[in-house]
Structure formats: C-alpha cells, structure tokens
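Just below is one structure, and these are the notes that go with it.
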Amino acid sequence: MSLGLIGSGGSILAIPILVYFFGLTPEHATTHSLFIVGITSAIAVRKHYRFGNLKLREALYFAIPSIISLLLSRKYLLPAIPEVIFDRGLIITKHMAMMVLFALLMMGASLSMIRKPIPSTVSGQVSISRLVLLGLLIGIVTGFLGAGGGFLIVPVLIFYGGMSMRHAIATSLLIITINSLSGFIGDLVNHVVFDKRILVTVSATAITGMFAGLYLSNRIDTYKLKPVFGWFIFLMGIFILTKELFFSR
C-alpha cells in the first residue's frame, strides 16, 4: 500500500515483517524482500507507463551501474561477513549488525518523509556522472540490506536527473523493479535458499495492498499522508534498535 500511495517504503516494511513475524534471518529476509518489492513495484510501473510518467534514459543511467554493484555485493560482500563480527565482552553478530544498519536506514528514510516535500522540479539538467555514481552506491545498499531505496532514488532523480516529482516517483519504481528482481535472480543463480510459501503469501498480499494504494492515491492527499507514515517508520526504527541492542539473545 505504501508503494502505491507514496512510491516508496515497501522494503522498509518488508524486512522487519519477514524477520520478526516470519522468523527469517536478515540475510534470507533480503532475498524474499527483493522478490516481494520487485514484483509489487512492477504493478505500479505498468500504471505509470500508461500515463507516460517514465523516463527510460535516466532510469538506465542509474539502473545499469546499480545492478552491477547490487549483484557483486550479494555475491561477494554479504557472504564474506562472518556470523560473529565482534566478540570482546560485547558480541556483535551478523544478524545484529544488519538489523541495526537497517534501523538506521529506516530512520533516515523517515526523515525524508517527514520533511517538507521536495520542490516539484529542481533543474532541467541531467548529471549523468552523478546518476552513475549514486546508482553504484545505492546498488550496494540494496544488495546488502534488501532495500529498494525509493526514498533515496527519488531525490537523486530530481536533483541530478532533472525530473519533476511525478516523473521521479514513476522512474524510481522502475529502477526498484529492475534492481530488486535482478538481485533475486542473482540469488537464484547462487542457490540461495528461500521459502516458497512465504514468498507467495506475502507477495500476493503485497500486490493486493499495491492495488489498494493506487486506488487510494487518487482520493487521498499523499503529501499529507507521507509525514504520518514517516513517523511510523521512525518509531519502527527505534523499536528495532532497542530490540537488537538491548534485548537480543
């Protein structure tokens, strides 16, 4: 529903749900999240394509380097992290580190939602070099944490892709679709184990929520809704930080 309403927030909710409600490890949750968010975003992309909101050239400038860094991070970076990162009185596990980083990402995302909306257009200039560089960096974030990064991609497309908010949201969803499904396919090639039942169940309900969000987006002022959703995400980030730092086993 959040993707349908405001064009972001899908993976921000998917990872905690998969970890805390379905009992997946953060690493396996990223695999499931990539498919769920990717397939759900694709539904919204179809609608935006019909309305001519997609900017394909800028999407490719961003998506191609992003896919490369995403696949490399999932193949080499994520498996290289030991299960116990630090053990000197304080034990820091891979699980804890990933969830703490994700909580910080959630809180960063929430601030971008709580703040006043970005101006509808910033510049007509397209900075290809910055789109490529930021695509590489966000690909690493997506690969490591399983987060599509819509709240990061939208400002990048506005400030460095010269897009309006409407075009940036639509193009961001296309990039999220490409990145997330590419990451999931990469995991399949690398024989990463996933739970088909969880994948089908959560994907089906997420797609239902997407249609509900798209329907409501024509009847609700999403700019007023976004800060409320932002505060919800911020509180969830605080909850994850508290749980992992003070109540983890």
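The table for this structure:
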quantity: Test: residue in the stretch 206-223 that is more than 14 Å from A44 (Cβ to Cβ) and modelled with pLDDT of 80 or more; calculated: no
quantity: Selection within the stretch 216-231 - touching a residue at least 40 places away in the same chain (Cβ under 8 Å) and assigned to a helix (DSSP H, G or I); calculated: L216, S217, T222, Y223, L225, K226, P227, F229, G230, W231
quantity: Subset of the stretch 44-57 (residues that are within 19 Å of the chain's Cα centre (by Cα) and either in a helix (DSSP H, G or I) or among the small types (G, A, S) (or both)); calculated: A44, V45, R46, H48
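The values are calculated or read from the model by the stated rules, or taken from the named source; none is laboratory data. Remember, it's a predicted structure, so these values are computed and weren't measured experimentally. Note that we place each Cβ from the backbone using ideal geometry, even for glycine, and neighbour counts take in every protein chain shown.
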